[in-house]
Every structure is written in structure tokens, then in C-alpha cells.
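Chemist: For reference, the structure I am asking about is given below.
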């Protein structure tokens, strides 16, 4: 991605500051206040950059979100034109209850390269770079996907772990995986983080599948593509209003299955700072008059890179 090293450092700084803004609300059962604090900081910092930015994945549409709404223009109006996807607090419940897995996220690309996803559900399936791209498919049933993966990865079913959001809508999926003697890692929230667990064998997750947020699918895909992982998504629409909004965004084939190269065209930068600790990174640590943060990012290399920063308390 032809963006300056300075801009990359700026994005790391922004997710770190956005994460730190949540610190007073960790474990205080105030997820709305935590999200607002993080969003306020992220928007202010993005507007200080010399970019011509446009939010393509945000906190909602203009009538739903006063800040970081889809279509909002950010930056000084000078510099590169970029698409911006944000999730100031991925896992607001984790912050509110002081549980593992919350993070502050930004993904950016050159203009036109990030899919403008509607605020609706998405069926998803993802795995790492160690099996052929045709191994898993949203059009296959659960058993075929597991059998294909077992053969390609040379694993027995009881050595395979699938990560799924713990939701009633996944009752059948969970029952099928149990029938097939597959290990299940249930997560209560945070399906961006869940999808990223397939990126490295050390996380001990082979497949991510199920139904989650459409915008979160695009953000996860931006990281997984750089890491040479596999991802497919299909939007699911539950109302005429959702369909109308999708059509306004240019989505006319409502049943289309999207490959990762259609969701993220060209290169992108994914950057996420831990608020509470997870398998991927440490949460915020308060140390004297500073906060220590840990950020994971993808940029030009097929590995998750880690950056630690110290943010002064103001």
C-alpha cells in the first residue's frame, strides 16, 4: 500500500489512544460510555491527519451515529484519498464486564478498495493459509466442509477446532459439529477477533464459521487477506429496510457469495489495539503516569506484527 510510514505510525497511535480512552470504563458496566469515549478520540485524531478519508465501515449511518458514520469525511482534505473502516470498541460487553477480547480497530485502504458493507448480518467462513482455497465453501454443508478440511490438513475430526459466536441461531451448526466430533471454541462477542484466530496455528483454531456482523466481516477480511488466509462472506437480509439500504450501496445480487479479493481489493492496513487482553494481544496496562498498549497490525508482510506503545496520562 503506497501510504507513508508516518501515516502507518499515526494509525497505530490512534488505535492506542482510542483504546486508552476506554480504560476508566473497564469493568464498570458502562459499555455506551466506553464506546463514546473511544469514538470521540478516534474521530478527533483521524481528523488531525493529512488525509482525504471517507468512512466506509463505521458506527452506523448518519441518522444512527453522530460520529464516524458511514460516508463521513475525515482528515485535513490534503494528502492521499483513503477508505476507512472503524470499530472503536470491538467487544463493548467485554469492556463493560472486564472480560478478555476487546480491542480498538481501524482498517484503511486506498480509495475504492474496501467493500462498503451494509449494517446487516453476514454468513462467514475462514481458515488459514495452510489448505487450498477450495477446501471450504459457504455453499457446502457442515459435514462436507469438515471432511474437506480434515483431508486437506491431514487431521482427524477430534483434532479440529471451530470458532463460533455463541448464539441461538447457531444451534444447528453446533449440533452438527458435535455429531462430527469436532472441538468447538464458543465466543460471546467479537467476531473480528474470532476470525483472526485462524491466522496462526499457535491460536489453535482451524476454522471460523457462522453468522456475525457484515461490517465486522469486512474488517476481518482486511487483515486475513494480508495474512494469505481464506475468507468468504454472504450478506443476510431480514427486512425490506435492510434490502433497500444494501441496494443504495450498490448491492443488487442479494444472495452473492463474496470472495476475499472482492471484499478487499488491493492492499490494506489493519490495526488493532487491545483494551482487555486476548489470545492475540495484551490489554491496557497502567504504569505510573503512562498507559502501556499492545497493537497488532498487518502491512505488506503475511504475519501479524506487534507494536507496544506508551501513552502519557493527560
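Quick note: the coordinates plus some simple rules give every number you see, no bench work behind them. Here the structure is a predicted model, which means the values were calculated and not measured. Ideal geometry is used to build each Cβ from the backbone, glycine not excepted, and the neighbour counts take in all protein chains shown.
Chemist: Rounded to the nearest 10 degrees, what's the angle between the helix 142-153 long axis and the longest principal axis of the chain, both from Cα atoms, 0 to 90?
Modeler: Here the helix axis deviates by roughly 80 degrees.
Chemist: Once the piece of chain linking residue 253 and residue 144 is laid out straight, how much longer is it, given 0.36 nm per residue of separation minus the C-alpha distance between them?
Modeler: 36.7 nm
Chemist: Take residue 181 and residue 69, extend 7 Å from each Cα along the Cα→Cβ direction, and tell me the distance between the two endpoints in nm.
Modeler: Using points 7 Å along Cα→Cβ, the separation is 5.5 nm.
Chemist: What angle do you read, to the nearest 10 degrees and between 0 and 90, between the alpha-carbon axis of helix 214-226 and the longest principal axis of the chain?
Modeler: On a 0 to 90 degree scale, this one is about 90.
Chemist: Another question about this same structure. Which order do the peptides 227-237, 244-254, 181-191 come out in when sorted by mean C-beta neighbours inside 10 angstrom, highest first?
Modeler: Ranking, from highest mean packing down: 227-237, 181-191, 244-254.
Chemist: Per DSSP H run of n ≥ 4, the term is -39500 (n - 2.57); total these for the chain, divide by its residue number, and report the mean residue ellipticity at 222 nm rounded to 500 deg cm²/dmol.
Modeler: That calculation yields -8500 deg cm²/dmol at 222 nm.
Chemist: Okay, next question. Over all alpha-carbon pairs of the range 163-257, lay out the pair-distance distribution in 10 Å bins, whole %, shortest bin first.
Modeler: 14, 42, 33, 10, 0
Chemist: I've got another one for you. What is the helix-to-structure angle for 31-47, meaning the angle in degrees between its Cα long axis and the longest Cα principal axis of the chain, kept from 0 to 90 and rounded to the nearest 10?
Modeler: The angle comes out near 60 degrees.
Chemist: For an R0 of 45 angstrom, estimate the FRET efficiency from the Cβ-Cβ distance between residue 289 and residue 93 and round to the nearest 0.05.
Modeler: Taking R0 as 45 Å, the efficiency between residue 289 and residue 93 is 0.90.
Chemist: If you average the sequence gap of Cα pairs under 8 Å that are 6 or more apart and divide by the length of the range 158-254, what percent do you get for the contact order?
Modeler: Once divided by the residue count of the range 158-254, the mean separation gives 26 percent.
Chemist: Using just the C-alpha positions of the chain as equal point scatterers, what log10 of I(q)/I(0) does the Debye formula give at each q in 0.06, 0.09 1/Å?
Modeler: For the chain at q = 0.06, 0.09 Å⁻¹, log10 I(q)/I(0) is -0.19, -0.43.
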